[in-house]
Amino acid sequence: MANLRPCYVVSSISRSGSSMAMRCLIEGGLDAAYDFHQEALNVQFGDGAYLPNGDGFFALQDDFGPDFYAKYEGRLVKVPWGRLRSLPEGDYRVLFMLRDPREISASMEKFMAGFGPEQVLAETCYLGAVNTLIAQLTARGMQVSTLHYADVVKDAEKQFASLGWPIDANKAASVVDATLHRFRLEAV
């Protein structure tokens, strides 16, 4: 994989800050690919008073096939956690966002009552599933970093600088909106 540019990937279990991370990394200077049609999810699942991702989802519709790396080499892409294992060979830098499972569950319940399998995962085996996934990705040669949602809200510049990615960590941090951390552990 010599002379290839990395594909920068953001992922997480749902409701863990991957959209926030995408917005920040775009502001920090990475060129992102995403489908604007996915923004309709805010309207579909929002109740008018609550928009789950008011600043955007930054997601692809469904473009994770064999040409994924060739298509997105050098770009920033959000990949659902369940699709990470099946990405084709390539030079990947993965940021996996973490969040306290109780906060995930509370956010999922507000987003869409009875969210289903991901809510069960968050409530029962979150750490084991995340650790297994990260080990599998690392074994494939992917460089995996993790950031915790609460730590990014608390000190975003330090967290983004720790990635070592080609971004301006100060600019990335400038778009973090702490008021969007609506389901804090102490309130759950």
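The values are calculated or read from the model by the stated rules, or taken from the named source; none is laboratory data. From a predicted model like this one, the values you see are computed outputs, not experimental measurements. Please note: Cβ atoms are built from the backbone with ideal geometry, for glycine as well, and neighbour counts cover all protein chains shown.
Looking at PHE96, is it under 19 Å from ALA129 (Cβ atoms) and at pLDDT 80 or above?
Criteria met by PHE96.
Filter segment 127-160 down to the residues that are β-branched (Val, Ile, Thr) and outside any helix (DSSP H, G or I), then identify the one that is surrounded by the most Cβ atoms within 10 Å (Cβ to Cβ).
Once the filter is applied, the top-ranked residue is VAL144.
Step by step: first the residues of segment 70-84, then only those that are aliphatic (A, V, I, L, M) and part of a strand (DSSP E or B), then the one that is farthest from PRO6 (Cα to Cα). Which residue is that?
The residue in question is VAL77.
Kindly indicate the residue of segment 1-34 that is touching a Ser or Thr at 6+ places or on another chain (Cβ under 8 Å) and hydroxyl-bearing (Ser, Thr, Tyr) and also farthest from ALA129 (Cα to Cα) among those meeting that condition.
Looking at the filtered set, the residue picked out is SER18.
Report yes if THR124 is of a type in the set (Ser, Thr, Tyr), at pLDDT 80 or above, surrounded by fewer than 21 Cβ atoms within 10 Å (Cβ to Cβ) and out of contact with any helix residue (DSSP H, G or I) (no Cβ under 7 Å at 6 or more places or on another chain), otherwise no.
Judged against the criteria, THR124 is not a match.
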